[in-house]
Structures are given as C-alpha cells and as structure tokens.
Amino acid sequence: MSAKTLYDKIWDAHVVRADGDVTLLYIDRHLVHEVTSPQAFEGLRIAHRAPHRPAAAFAVPDHNVPTTQRAAGIADPVSRLQVETLDDNCAQFGITEFRMDDPRQGVVHVMAPEQGIVQPGMTVVCGDSHTATHGALGSLAFGIGTSEVEHVLATQCLIQKKSRNMSITVDGTLGPGVGAKDVVLAIIGRIGTAGGTGYVIEFAGSAIMDLSMEGRMTVCNMAIEAGARAGMIAVDSKTIDYVEGRPFAPKGELWDQAAAYWRTLHSDPDAHFDETLHIAAESILPQVTWGTSPEMVTDITGRVPDPDAETDPVRQASMRTALAYMGLKPGTPMREIPVERVFIGSCTNGRIEDLRAAAVVAQGRRVARGVSAMVVPGSGLVKAQAEAEGLDRIFLEAGFEWRDPGCSMCLAMNADQLAPRERCAATSNRNFEGRQGKDGRTHLVSPAMAAAAAVTGHFTDVRELI
Amino acid sequence: MQPFTQLEAVVAPLDRANVDTDAIIPKQFLKSIRRTGFGVFLFDEWRYLDQGQPDMDVSGRPLNPEFVLNRPAYKNARILLTQDNFGCGSSREHAPWALLDFGFRVILGKGFADIFYNNCFKNGILPIALPGPVIDGLFQQVNRAPGMTLKVDLPTQTITTPQGEVIPFDVEPFRKDCLIKGLDDIGLTLEKLADIQAYEARRRKQAPWLFVEG
C-alpha cells in the first residue's frame, strides 16, 4: 500500500464513486447558517426534493444576530426575515438548529467543534469559506456556495475534483507574545492569497502541534485566506482529548472504536506532497496587516512598504490602491499607526483562549482615550466560560464593551460596523475594502496585539506589555 | 441553469488583482433570501459614490465616473477581463448571481479563487484562466479599442479576437458538458442514489459513530 497524506486518507474513505477525475464525495456533516442557505432550501421546495439525511445537518444563525440587547430581537427587518427564514426552513425540513436565544448559539465555526458535531476524519462542509477551521480536528472541511448547499442537502454528496497536497511545516518554539494568528498571517505573507489555490494544506511541525486546539483552529481557519481548499492538522492526543465528552461526540464502545481510528489520521512518513514549505517558529514576530489583502502584512517592528520598491507592475498598482484606501504613507513605522476601534472576536479569534490572551494584556490597564474597543465571544458557551473565569470583569474594568456572540464586525452584516475612514485593529480574517463598513480601514492582528493597540491607542509590540 | 455555448460580446477591463467577493457584492445585499436582483448592486462600493442599501432604488444614485462599468463603452459588456485571483474571500454565491444578473457570462483572468470558480459553473458563467502574457495582451488591446468584442466558443474551447487571433483555453470535460447542456447536477447525482445508499450501508458498518445522530 502506498504512503498517503492525511488528506488522501480522508478523501479515499469518502469516495462514493469515481468517474475519471470526477468524484462523488460523501459528506458527513453539513453546517448551515442563515446567509447562504435560504436559496438552497427554496431550490429543494421548487424541485419537490427532500433532504437526503437531515440529521447530518446542523444550523445556527450567526451573521445577522445583534450583539447587544439580544432579547429585543433583530431591529433590521431584512436581517430579521433572514434569521426567521432559517428557523422556518430547519423546522420544515427537520434540521437541528441552535436558535438565537439558545445558550449554545454562536459563530458556526465556534459552535460546531464546541458541541462535538465536527469530529476527526469527517468530511465537513458549510456555505461559508471559513469552514476550513474544522481541519484543525483532522477533518476535511471546506466552504461551498449555495448551489452546493442545496446539492448536499438533496444528496449528502458533492461532485469534486481532488486538490493537490501541500505541507507547511513550522518547527521550533514560538516566542512569548507570538500566537497562532501570527503564524498564519506570516504564512499568508510568505505564500500570498493565491499561494494555496488548488491545494489542501496540511500544517505540521512542532510549533503547530504545540498549539492548543483553539490555536490550531485559528491557523486552519485562515487557510482560505491563502487560497487553499482546506487546511488540516494531524490528529494527536490533544485532538482526541478535545472531542471526548462533548455533547455530540461518540460515547462508550463507539467512542473507543472512533478514537482508535482517529489515531491513524496523520500523513504517512513517506507520503508525497506536491509542494512543501518550512518556516522556523523563531522567525515569526507579532504580525500586523497594512493593506487590503491578508497577504499585505508585516511584523510590528516593520514599516509600511514603499510601492516604488516593487518591481511587478500589477503588485505595485495593488499596493498604491491599498495605501490610498488605508490612508497610510510608505515608510511609516507600524507602531506609530493610531487606531480608533478594536474588535476582538470572530470565527478566527473568538474562542476562550483568544479572550484569555487579550485579557492578560487588558488586565489592570485602560482602553486609550479616543479608542472604542469591543469583545464579542464566539459563542454563548465561550461567553459563559469567560464570565466564570472573570474575564468579563477584566475587560469591562479596562473599558472594553462585552457583547453577545455572533459574527459581528468581522463582516459587519449586523449593526456593528466601522464608520468611513475609521481605523480598526481586528482579530478577524479579512481586511478587504469595505469589509467592516464602507471605507473602513482594517488591520488584522492577534487578540493580544488587538488588546495592546486598545490600551495604547496605536499598534504596539505586545511583547513590551507582557 | 442557462446553457452556455457561444457568446460574442463587449469585454470590460477590470484591471485589479485579488478582486474579492466583498467587492463584487458587499455584505448588506446578502440579507436577501432571493437569487435575483443583485446586478444593480454589482461592485457597489466602486460603482456608486453613496452607500448602497438592499432594495433601494438605484436610478438616482450618484455614479463613480472613474469606474470602468460606468463608461458608455461598457454598458453592454458581457465578458469581464480581470487579473489574478478573482473572486477570493467569502464563499457567497451572491457574487456570481450579481455578475450574471448584470449580464456577464464569461470572466477572463490569470486565475480564480477556488470556491468562486466552482460557483460560476453552477450558474451558467464560464470562468477562463489564461496565461499572464495572454491576459496582459488582451488588456492592451481593450485599452486601445474600448468597446472591443471577443467571440467565446465553448465547444471548440477558443476565444477569437477582432483581428482573428484564436486563443485556446482549458476547461474540465465534466464542467464543459454540464455548461453546454445546462444540466442540473443535483439531478445527475440523484441518478446515482443506489451508489450513495451502498456507500452509506458500507460506511455504517466501518464507522458506525458517524451515524449516531442527536
């Protein structure tokens, strides 16, 4: 038997049938949210089709939900209709939903691992590009469009072409104040936002395996920002310990059987990767983006780059456009850029460990004058855990707002938005033009770096504060 | 799905790399529960000078005269010429819905983001990836002759310029076939229901924990 990568193993276990390079792939878990599903359910109704296996789907509203005064409901009637449409569709088609008032509600990619809905070795899809998150559990997880949401609902399968294998190894030990977000931003800075196109990336190496499960989710979450179909990490005892005892995890004899299989979910030593990259963990410093694409990133000791020094004309034009949009001058030290808003949350960095890392920096300090900072837990259970640990008190005493869970200002589909030209340190995943509000200016950072910017009023090397 | 075989139409040049789906259709329009009506909001933040809102009347909105699609030469453009990594970011199928609703059936670029590329084929849009120098050459031609047309022929996998230059392109045979016939791929998959059920029966024995639900 030839050596296989982790991706090969999971792919092979899910092939229903293969015709040439067109494969019908079986999907174990289908996560559903309110934004990309209504037209799919409508499609089923129009074609008089029923879901093939409704019990394999789990839904939660997250993009449109308010993060304040939740009990009052959604003020915007268009947003409200979209969430009510999800409620109605799940009720009609028999799909488990964690509704807006459920304590387990949260960002779909925080809720699903937390509930044990996603497990190692599964194929997982969702009408959401950040589905890549779940690869942290040793699953094959990727985002799909609404037509494919309908396809999975109707058939529990997808028509797929296999991607190529890429391995990115980060060996060594991350320095203090450097975390999973810095690792993945540094990787994107190295390979670019199209660097992973056509690939599934397996993240490996001692620095990756030393990350907590939350940290691994942060890394895999942003695999899509490198253009990859999915990001994955091998299963180890940390993965299995994380899943054990969660509400939807297997129990008893089935648990033993599952865990034994999960321990085989790693790339074989001689497995072939089409592309490999090695990075030394020690070379990674706290990262800050300066432009309008996640690949436009440098570290906190760096400066805003000069487009004149770029030789590729397309890249040069992109840099000029980005700097004009961001209101930045070439050569400005990153640490001299002031911020007005701080957003801590999202499917990238809204988990308990992220809030702890931010709280360490916030503790005993005050949000700087002129800065408005908010913390949005990734789920109701993350919020409850943080409150049990007293993190809410730390944030509130430091002058941060403590909100209810949801996608919030990561994509600003609810009321949480930047005003034009407002500059924000954000722990989310995209700094695209208009992402957090028309003409808003987003800099992507880790939770610790976001908290450091909040308490100093400008980007600051968090290593000086811890 | 609307089939696609041939198209001869005006090509509009959008000379930017990494055009993301937030730029193609901003988030506020994703609140719609319909598949149509997105065309007037395509590239909303680049196309208009004010802030767009769902269901607004666009007839009185101030246009950005600098934006390529607002120039008279491109009013009837149905082919979009772009740079690399078009459609990156969010998985929103609203992006191809907006492009289609505007009238675009073909997108030419140096490369496409994976999910967006896939979504195009589900909606009767043909995304064509061409080598960098070919795209650069097309940009030069279009900039010299705004309003230029191209002829795209899917069965022969060729693009023909007004000068008669023929540019071949690649497309996966399965996707090509579905596009030419306008096939509903859910229908195709449901024809393989017996295979799906056989897989499920086999899998239920191998990995029974995957079928414990609730």
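The values are calculated or read from the model by the stated rules, or taken from the named source; none is laboratory data. These numbers come from a predicted model, not from an experiment. So basically every Cβ, Gly included, is an ideal-geometry build from the backbone, and we count neighbours across all protein chains shown. What goes into the accessible areas is simple: the full protein's heavy atoms, side chains included, and nothing from ligands, DNA or RNA. Shrake-Rupley method; radii C 1.70, N 1.55, O 1.52, S 1.80 Å.
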Charged-residue dipole, Cβ positions (Lys, Arg, Asp, Glu), the protein assembly as shown about Cα centre, Debye nearest 20: 700
Surface share of carbon and sulfur [accessible, 1.4 angstrom probe, percent] for the stretch B:6-182: 51
Please list, or write none, the lysines whose alpha carbon is within less than 23 Å of the alpha carbon of residue B:122, excluding same-chain residues fewer than 8 places away. A:161, A:162, B:27, B:31, B:110, B:151, B:176, B:181, B:192
So if I restrict to the alpha-carbon atoms in chain A, what is the Rg, and what is Dmax, the biggest pairwise distance, in Å? 21.4, 64
Partner shielding of B:80-92, as the mean number of partner chain Cβ atoms within 10 Å, equals 6
Give me the net charge for the shell around residue A:361: Cβ to Cβ below 11 angstrom, other residues only, Lys and Arg +1, Asp and Glu -1. +2
For the stretch A:1-112, with the dipole built from +1 on Lys and Arg beta-carbon atoms and -1 on Asp and Glu ones, taken about the Cα centre, which of A:69, A:38, A:112 lies farthest toward the positive end? A:112
Restricting the count to DSSP beta bridges whose residues both fall in the protein assembly as shown, what percent are antiparallel, rounded to a multiple of 5? 35
Nearest-0.05 FRET efficiency for residue B:183 and residue B:143, computed from C-beta distance (R0 30 Å): 0.20
Can you tell which of A:83, A:172, A:135 lies farthest toward the positive end of the dipole of the stretch A:63-174, using +1 and -1 charges on the Cβ of basic and acidic side chains (Lys, Arg; Asp, Glu)? A:172
Amide H of residue A:401: which non-local residues (sequence gap of 5 or more, or other chain) have their own amide H closer than 5 Å, using H built in the peptide plane? A:373, A:374, A:375
Across the residues of A:28-40, average count of Cβ atoms on other protein chains within 10 Å? 3
Can you tell which of B:64, B:41, B:182 lies farthest toward the positive end of the dipole of the stretch B:6-182, using +1 and -1 charges on the Cβ of basic and acidic side chains (Lys, Arg; Asp, Glu)? B:182
Over the protein assembly as shown, average the accessible area per residue using a 1.4 Å probe and give it in Å², no decimals. 35
With +1 on each Lys and Arg Cβ and -1 on each Asp and Glu Cβ, and nothing else charged, work out how big the dipole of the stretch B:6-182 is about its Cα centre, in Debye to the nearest 20. 380
21 Å tail of the calculated P(r), chain B, as % of Cα pairs: 58
Provide the buried accessible surface between chains A and B in square angstrom, both chains summed, 1.4 Å probe, rounded to the nearest 100. 5600
Run through the DSSP bridge list for the stretch B:6-182 and note the antiparallel percent, rounded to the nearest 5. 50
Using alpha carbons only, how many angstrom separate the centre of the stretch B:55-114 from the centre of the stretch A:83-128? 32
Take peptide A:96-105, look around each residue's Cβ out to 10 angstrom, count Cβ atoms belonging to other protein chains, and average those counts. 0
Taking the full set of protein chains and a 1.4 angstrom probe, give the accessible area of residue A:311 in square angstrom, rounded to the nearest 10. 130
